[in-house]
Amino acid sequence: MAKLVLRDCYIAVNGVPFSDHVSSVTVNLSKDEVETTNFSGSGRERVAGLKDDSFEVNFQQDYAAANVDATLYPLYNNETEFTVEVRPTAAAASVSNPKYTATCVLLEYQPISGDVGSLSETSVKFPAQRTGIARATS
Amino acid sequence: MSGLSGSQPYVSQPGYTTHAPPAAQPQRAAEPVKRAYKVVGPREVFGAHKGETVELALTEGEETALIEAGHLVRANTNRPVGRERKGN
């Protein structure tokens, strides 16, 4: 596949697409580092530990009904688990357009953040629960 | 409270720590229930557009959040869709 310029990433939170209100997205795949260094070598040794995946999304804030704030606040306030899905493009998931999905929670949310004269944006981190972020091509 | 042997009563021994019962565990998402919903917000929800009625399998938390946000309302009936009645 050709190199890709991100133009139409698909970002859905609890089944609701927000691509038109998102300016950046990051899929973080991470595992804890568990050190197993021992006397058999001259350097450190480590194995992978628990997953600690997350999505980081920068929303352009919108307080209208059924929009960014109206969607995110109940997820934060009700301590609800929900799905987040991200794809490189809005096309259906495929081998060249994988989708990354996870069951997430919202533990921190800044509904208002910004300087005078700036666009109201809010950066949100969605930590993935239990199984972490899954990659699928269909 | 009876002891482990059954006949002797349980006596707390000096130096033993009495542990509190396990704290309540955080609730995991309940099993999703399939119901009919009408999309009332301007955004599509799970691929359904405004005005459409769609059957979705949502957990209670997901449903509450979508209804509070103004994306969905339950369609006509509160009866779960897709469940067979007893005796059928």
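The numbers here are math on the coordinates, done by the rules we state, and not lab data. Bear in mind the structure is a predicted one, so any value in this text is a computation, not a measurement. Cβ atoms come from the backbone with ideal geometry, glycine included; neighbour counts cover every protein chain shown.
In order along segment A:83-99, phi translates into HN-Hα couplings of 9, 10, 10, 10, 10, x, 9, 6, 5, 4, 4, 7, 4, 9, 9, x, 10 Hz, rounded to whole numbers, per the Karplus curve 6.51 cos²θ - 1.76 cosθ + 1.60 with θ = phi - 60° and x for Gly and Pro. As a proxy for reagent exposure, A:Tyr10, A:Tyr76, A:Tyr63 were ordered by neighbouring Cβ count within 10 angstrom, fewest first; the result is A:Tyr63, A:Tyr76, A:Tyr10. Evaluating 6.51 cos²θ - 1.76 cosθ + 1.60 at θ = phi - 60° for every residue in segment B:44-53, the Karplus couplings come out as 6, 10, 6, x, 9, 9, 4, x, 7, 9 Hz, glycine and proline recorded as x. Here the spin labels are modelled as points 7 Å beyond Cα on the Cα-Cβ line, and at A:Asp32 and A:Tyr63 they lie 4.1 nm apart.
A simple spin-label model places pseudo-atoms 7 Å from Cα toward Cβ; at A:Thr89 and A:Asp115 they are separated by 3.7 nm.
The relative contact order of segment A:7-87, computed from alpha carbon pairs under 8 Å that lie at least 6 residues apart in sequence, is 36 percent.
Mean-square fluctuations from a GNM of chain A, with a 10 angstrom spring cutoff on Cα atoms, peak among A:Val13, A:Val22, A:Val116 at A:Val116. Going by alpha carbons, how many degrees (0 to 90, nearest 10) lie between the helix axis of A:68-77 and the longest principal axis of chain A? The answer is roughly 50 degrees.
By its C-alpha gyration tensor, with a ≥ b ≥ c as the square roots of the eigenvalues, how is chain A shaped: rounded for a/c under 1.5, else prolate for a/b larger than b/c, else oblate? Cα axes put chain A in the prolate bin. Neighbour counts of C-beta atoms inside 10 Å place A:Cys9, A:Cys104 in the sequence A:Cys9, A:Cys104, starting with the fewest. Modelled spin labels at A:Ser138 and A:Ser123, positioned 7 Å past Cα toward Cβ, are 3.8 nm from each other.
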